[in-house]
Each structure stands twice: as C-alpha cells, then as structure tokens.
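In what follows, a structure is listed as structure tokens, so that the remarks can point back to it.
The values are calculated or read from the model by the stated rules, or taken from the named source; none is laboratory data. Treat the numbers as computed from the prediction; the structure is a model and nothing was measured. Backbone-built Cβ (ideal geometry, glycine too); neighbour counts: all protein chains shown. Accessible surface is based on the protein model in full, side chains and every heavy atom, while ligands, DNA and RNA are left aside. Shrake-Rupley method; radii C 1.70, N 1.55, O 1.52, S 1.80 Å.
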Amino acid sequence: MSNVQTILLIAVLALSVIITRFLPFAVFRKTDSLPASITYLGKVLPAAMMGLLVVYCFKDYSFTSWSLTDVSSVLPAAIASAVVIAVHLMKRNTILSIFVGTAVYMLIVNMM
Amino acid sequence: MNRKTLKAAFPYTVPVMAGYVFLGFAFGLLMISKDAPLWVPVLMSLAIYSGALEFAAVPFFFTAPDLIGSFVLGLLLSIRHIFYGIPMLEKYADAGKLKIPMIFWLTDETFSISSTIDAPEDVDKTGFYAWIGLLDYLYWACGTTAGALFGNVVKLNLAGLDFALTALFIVLFIEQFKGREGKFGGMCGIGATVIALAIAESGNMVPVALVIILTALLVGRRWIDHE
C-alpha cells in the first residue's frame with residue numbers, strides 16, 4: 001500500500017469514529033431544551049454502558065475451561081474480578097481496588 | 001486547564017495509564033512486527049484514537065485498500081460512542097473552546113471516569129474533565145509510540161497488565177449501580193451484553209448489545225421515570 005493510500009485509510013477510520021463521537025453533541029445543541037426521553041437516557045445509560053464494558057472485557061475468555069494453567073480460561077479473570085469487587089465494597093477506594101485486582105491477575109497468569 | 005485541575009484529575013486517570021500504556025505498546029509492537037513504518041501506528045493512535053478499532057483494522061493495512069469496508073467496520077465498532085455523548089451533554093455544555101477536543105477524547109475509559117466522577121466543588125469543571133481527556137489521549141499516544149520504537153528491543157513481562165481496564169470498569173460499574181436508575185441501567189447493560197455474547201458473533205456483539213440495551217431502557221422507562 002502506498003503512503004497516500006495508508007493516510008486515506010487512516011482518515012476514513014478516523015472519520016467513522018469522529019462521526020459517532022460528535023453526533024449526539026451536534027444533534028442536541030441546547031441542553032436546556034432536551035427531550036424528556038434523552039434526559040432519561042442520560043441518567044440510565046452510564047450504568048448500562050459500564051455493564052456492557054464489563055461483559056465485553058470477558059468476551060475472549062473460554063467459559064468451558066476452568067483451569068488456572070489454561071491461558072484462555074476465564075478462571076484467573078473471575079478470581080481477580082471477585083477480588084476487585086470484594087476490595088471495593090470494603091474500602092471504596094478506586095485506585096486500591098484496581099491495583100490489588102490487577103496484581104492478583106498478573107500473579108496468576110505469570111505464575112501458572 | 002491549570003495545575004489545580006490537573007492535580008485533581010490525575011489520580012482518576014492512573015488505572016487508564018496502566019491499561020493504555022500497555023495496550024498502546026502492544027498495538028505499536030504489533031504494527032511494527034508486520035513491517036509497518038513507525039509513523040503508521042503513531043498516526044493511527046493520534047487520529048483514530050480508538051483501541052478497539054485500531055486493533056480490528058490492522059488487517060486492512062496489509063491488503064488491497066478497502067476504504068468502504070473499513071468505514072463500515074469503523075461505524076459498527078464505534079456506534080457505542082453515540083451512547084456516551086448523551087450522558088455527557090450537560091457536563092460538557094460549558095466547555096467553550098475545549099469542547100471539540102473533549103468530545104474527540106471521549107473513549108470508553110474517558111467516558112467511564114467522566115460520567116461516574118463529579119468534579120470536586122472547588123475546581124473548574126471544564127478543566128477537570130479536559131485533563132482527564134487529554135491525559136488519557138497522551139497515555140495512548142505514548143504507549144503506541146513506545147511500542148513501535150522499542151517493542152522489539154525491550155522485553156518486559158507485563159502479561160496481564162491490561163486487566164487494569166477490566167478492574168476499572170468493574171469499579172465504576174459498582175459506583176454507577178446506585179438508585180433506581182443506576183440499578184436498572186446496570187442490570188440492562190449486563191443482561192443485554194450477556195445475551196449478545198451468547199447469540200451474536202464477536203464482531204457484531206457490540207451493535208447487538210446496544211440495540212437490546214436501548215430497547216430495554218426505553219421499555220422500562222414507564223416504571224423507572226415516573227416514581
């Protein structure tokens with residue numbers, strides 16, 4: 001592929017992302033006159049999208065293999081996630097929960 | 001944007017730094033290992049700035065150019081951003097000149113933090129959210145550049161560091177899972193995406209999940225919104 005073709009390809013990909021990021025801001029210019037359904041979605045969407053992202057992070061693991069020695073198994077991520085939830089419910093400290101959970105995950109995948 | 005807003009915003013971006021530097025590094029390394037010149041992954045991370053799409057688009061760079069195909073892939077993978085803009089309309093409303101870059105910086109992770117965390121009372125709201133966006137952007141750009149430059153030389157055992165992003169999403173999910181709206185939204189998000197994971201191919205999973213989420217949220221509105 002020539003340099004020009006590569007730059008065009010990057011531009012097209014960038015455009016697709018820019019369209020989706022700017023669309024809601026372009027459509028709803030005045031925040032004081034938002035339709036009630038959009039105000040409602042603004043309240044429920046953050047939690048819904050966070051749920052989507054959590055599940056999305058698990059899409060590449062194998063759910064049929066429950067072994068710590070299998071690199072594709074969901075088990076290390078499941079254990080580390082349980083640690084994150086437990087630490088966060090006890091301490092409510094975002095950085096601490098993420099640090100401990102990530103450390104547990106890295107220990108498991110590198111030791112096994 | 002000043003020192004004070006930077007100081008307030010930085011701690012919230014630390015988990016993103018871990019995840020982005022690691023994933024950006026992996027992306028830069030991947031492109032170089034396929035013999036792309038250094039500027040290609042760096043320009044991709046600066047211009048596209050979407051990890052999911054950059055990884056997904058890698059094959060497009062090593063075959064005959066397919067602009068329409070890559071545009072469609074880009075739109076399908078990016079539709080979720082429309083859902084990120086809606087909750088941020090009010091937080092970004094008074095951003096002035098910074099509004100355009102802030103919208104450009106609205107990735108999964110920037111949205112997750114900015115939608116969950118409210119700026120402290122005593123700091124400028126726009127500066128606080130702008131720093132979160134800019135810092136995340138710099139982490140991604142630096143990670144990509146480092147991976148492209150040193151990926152083949154440096155051997156670090158960082159396997160599993162990307163779990164920082166999973167952990168970040170879990171923590172922010174717990175924080176959002178409050179009140180009627182948070183609990184209902186959270187259950188819709190988890191349930192819909194589990195269904196999408198089960199019924200759709202992984203390439204279509206996000207659009208399918210978004211359709212189910214939107215349907216569930218709109219159907220549930222009558223009993224969430226009126227009490």
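Between 0 and 90 degrees, the angle of helix A:36-56 with respect to the longest Cα principal axis of chain A falls at about 40 degrees.
Is any helix in chain B, taking whole DSSP H runs, at least 27 angstrom long along its axis by alpha carbon and on average at least 1.6 on the Kyte-Doolittle scale, and which ones? The qualifying helices are B:205-224. Summed over both chains, the accessible area lost when A and B associate is about 6900 Å², using a 1.4 Å probe.
Across B:Cys142, A:Cys57, B:Cys188, the residue with the most accessible area heads the list, and the full order at a 1.4 Å probe is B:Cys142, A:Cys57, B:Cys188. Remark: relative contact order (the stretch B:177-227) = 38 percent; criterion is Cα-Cα distance under 8 angstrom and separation of 6 or more residues.
When the solvent-accessible surface of protein heavy atoms is calculated with a 1.4 angstrom probe, in what order do A:Tyr40, A:Tyr56 fall, highest first?
Working: A:Tyr40 5, A:Tyr56 60 Å².
Descending accessible area places them as A:Tyr56, A:Tyr40.
With the whole protein complex present, A:Met90 retains an accessible surface near 150 Å², based on a 1.4 Å probe.
Accessible surface calculations at 1.4 Å, restricted to protein heavy atoms, place the stretch B:3-174 at 40 Å² per residue.
To the nearest ten degrees, helix A:94-111 and the longest principal axis of the Cα atoms of chain A are 50 degrees apart. Computed over neighbours whose Cβ is under 14 Å from that of A:Met50, the net charge equals 0, Lys and Arg +1, Asp and Glu -1. Per residue, the accessible area of the stretch A:56-109 comes to 54 Å², computed with a 1.4 Å probe over protein heavy atoms only.
The simple spin-label model puts a point 7 Å past each Cα toward its Cβ; for A:Ile7 and B:Asp122 those points are separated by 4.9 nm. Basic side chains Lys and Arg get +1 at the Cβ, acidic Asp and Glu get -1 at the Cβ, and with that the dipole of the stretch B:177-227 about its Cα centre reaches some 160 debye. Only protein atoms count toward the accessible area here, which uses a 1.4 Å probe; on the stretch B:3-174, the carbon and sulfur part of that area reaches 70 percent. Restricting attention to the stretch B:3-174, lysine pairs at least eight places apart or on different chains and with alpha-carbon atoms under 24 angstrom apart total 13. Using the alpha-carbon atoms, what tilt in degrees (0 to 90, nearest 10) does helix A:75-91 show relative to the longest principal axis of chain A? The two axes meet at around 80 degrees.
If I take R0 = 56 Å and measure r between the Cβ atoms of A:Asp32 and B:Leu46 in this structure, what FRET efficiency does the formula 1/(1 + (r/R0)^6) give, to the nearest 0.05?
On the way: r = 35 Å, r/R0 = 0.62.
Once the sixth-power term is evaluated, E becomes 0.95.
Once you reduce the stretch B:60-127 and the stretch B:1-56 to the center of their Cα atoms, the two points are 14 Å from each other.
The calculated 222 nm mean residue ellipticity attributable to helices in chain A amounts to -25000 deg cm²/dmol, summing -39500 (n - 2.57) over DSSP H runs of n ≥ 4 and dividing by all residues.
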